[in-house]
Every structure is written in structure tokens, then in C-alpha cells.
1. Looking only at region 1-12, count every residue that is in a loop (DSSP other than H, G, I, E, B) and under 18 Å from the mean Cα position of the chain (by Cα) and tell me the total.
2. Please count how many residues of region 87-111 are among the basic types (K, R) and surrounded by 15 or more Cβ atoms within 10 Å (Cβ to Cβ).
3. Go over the candidates V71, V30, V52, V62 one by one and state the one that is modelled with pLDDT of 95 or more, in contact with an Asp or Glu (Cβ under 6 Å, 6 or more places away or on another chain) and surrounded by 24 or more Cβ atoms within 10 Å (Cβ to Cβ).
4. Based on what the data block shows, is L2 touching a helix residue (DSSP H, G or I) at 6+ places or on another chain (Cβ under 8 Å) and loosely packed, with under 14 Cβ neighbours inside 10 Å?
5. If a residue has to be in contact (Cβ under 8 Å) with a residue 40 or more places away in the chain and more than 11 Å from the ligand (Cβ to nearest atom) to count, how many in region 76-93 make the cut?
6. What number goes with the only condition from (1) within 16 Å of the ligand (Cβ to nearest atom); (2) touching a Ser or Thr at 6+ places or on another chain (Cβ under 7 Å) that L96 does not pass?
7. Among the numbered criteria (1) touching a Lys or Arg at 6+ places or on another chain (Cβ under 8 Å); (2) within 13 Å of the ligand (Cβ to nearest atom); (3) more than 22 Å from V168 (Cα to Cα), which one does G53 miss?
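The values are calculated or read from the model by the stated rules, or taken from the named source; none is laboratory data. As the structure is a prediction and not an experimental result, all values here were calculated from the model. Cβ: placed from backbone, ideal geometry, glycine included. Neighbour counts: every protein chain shown.
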Amino acid sequence: MLPTIEEAMHELELAEKLNPGPWIKHSINVGIAARNIAEKIPEMDSQKAYIVGIMHDIGRRVGIVDIPTHVYEGYKYCMQKGWDETARICMTHSYLRMKEEFGYEPVTETEKAIKNYIVNCEPDDYDRLIQLCDSLAVDYGFVILEKRFVDVTRRYGIMEGYIKGWEVAFGIKEYFEQKTGCSVYNLLPDIGRTTLLTPKPWKPPVK
Ligand SMILES: [Fe+2]
């Protein structure tokens, strides 16, 4: 089950009131990138791609939280609404290496629940598409993968495993380029201009 496009956009509006930030526009742009790529692939549903893209970070509605928390909050929120297809994407979008990310025993209940889900999940083309588009979309538009990886690293620092995740992202890009028959960058509006912009990293407002 999926929300409609209108319901998904409404969820973002509600979430923006709870936790405003660049993640709202980023979410819409992930949706646009996913829709544009899926439109070129006959066996994919571009409307579904758009909706799961819009909703992938909806767990951020709870506030400024870490990766596992926004993943699991998004999953729980969507499941409670009966939207199992967006719930799945909330879980998979941050774990490009899927079960390989969990070669350790998590401590928190949240991470235990995520590990249990991910190790039992075989990624499909929607999981792969949103993992890729999450790395192509920023709040001000679309950028090449190399740029997005540096942006994220400037914000969070470098962690072991990041570079393996980058390799997976480049692999997914090539996978979809085979399916679409073109560079995914050709499907992202105005990427040539926005990829050259370097806005200051966003900082949360001081309360
Ligand atoms: Fe996310």
C-alpha cells in the first residue's frame, strides 16, 4: 500500500511544521529524480517511484535525529498508516550495503529492529532507485554523486564503511544507466548549473 501523491505531499507539509529544514526540499527532489529515472524503465511504476522518494525521510518529522532514529521512526509512522511500501523505503534507503552494514551486534532497540529487517530484505529496484536518488538530490536541486558525498562528509565526518557505500552508489548508477540507456544525469533538471553551486552547509536554527 502507498499514499497518493497528494497524501505524500501533505505528509511533508505536516512534517515541515514539526521539523523545518532543507530535508523537505531534498525529499521532493529525491521524488522527482526517482520519477524521471523510472519513467524511462518500462517495468517500473514512475508514480510509485515519485511517492516513495517523497516519503523516504518522513521519519525526520520527529525532529533532528540520527540516521537509525529517522529510519525507524519513518518505518513505524508509515506502517501505522498502512503504507508498507513507503515503510520499506524508509528502512532501506540509508543502508546501501544492506546486510553487509550489520556485521556487528547493535546495542539500541532501534538498531536491533533495523538490523533484523535489513538482513531479511532482498533489495528491489525501488530500494536501489531511492538509495541512488538520495545521493543525487539536495535541497537546491540535483548534483553529481561525487559532490553529494563530499557534502555529507562535511556535515557528519567520515566513518568506516562510507567509501564502500559510495562504491555501491556508483554501481547502482551504472545499473540504472543500463536500464535507461542514458546517463542518469541527463534525467535530472538543471544539474549542470546546480552541481556547480556550493551553499554553506545548513545549520539548525538557534532556539
Ligand atoms: Fe534519510
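1. Restricting attention to region 1-12, the residues satisfying the condition of being in a loop (DSSP other than H, G, I, E, B) are 1-4.
Subset that is under 18 Å from the mean Cα position of the chain (by Cα): 2-3.
Number of matching residues: 2.
2. So the first thing to find is which residues in region 87-111 are among the basic types (K, R), and the list is 88, 97, 99.
Right, trim to surrounded by 15 or more Cβ atoms within 10 Å (Cβ to Cβ) and you get 88, 97.
So the count comes out to 2.
3. Working: V71 fails: in contact with an Asp or Glu (Cβ under 6 Å, 6 or more places away or on another chain); V52 fails: in contact with an Asp or Glu (Cβ under 6 Å, 6 or more places away or on another chain); V62 fails: surrounded by 24 or more Cβ atoms within 10 Å (Cβ to Cβ).
After ruling out the rest, the residue left standing is V30.
4. Values: touching a helix residue (DSSP H, G or I) at 6+ places or on another chain (Cβ under 8 Å): yes; loosely packed, with under 14 Cβ neighbours inside 10 Å: no.
So L2 fails the test.
5. Taking region 76-93 first, the residues in contact (Cβ under 8 Å) with a residue 40 or more places away in the chain are 81-86, 89, 93.
Subsequent filtering for residues that are more than 11 Å from the ligand (Cβ to nearest atom) retains 81-86.
Residues flagged as in contact (Cβ under 8 Å) with a residue 40 or more places away in the chain and more than 11 Å from the ligand (Cβ to nearest atom) within region 76-93 amount to 6.
6. Evaluating L96 over (1) within 16 Å of the ligand (Cβ to nearest atom); (2) touching a Ser or Thr at 6+ places or on another chain (Cβ under 7 Å) leaves (2) as the failure.
7. Here G53 meets the rest and fails (3).
A quick yes/no check of all residues on (1) of a type in the set (A, V, I, L, M, F, W, C); (2) within 16 Å of the ligand (Cβ to nearest atom); (3) modelled with pLDDT of 95 or more:
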position: E109; (1), (2), (3): no, no, yes
position: K115; (1), (2), (3): no, no, yes
position: V119; (1), (2), (3): yes, no, yes
position: P123; (1), (2), (3): no, yes, yes
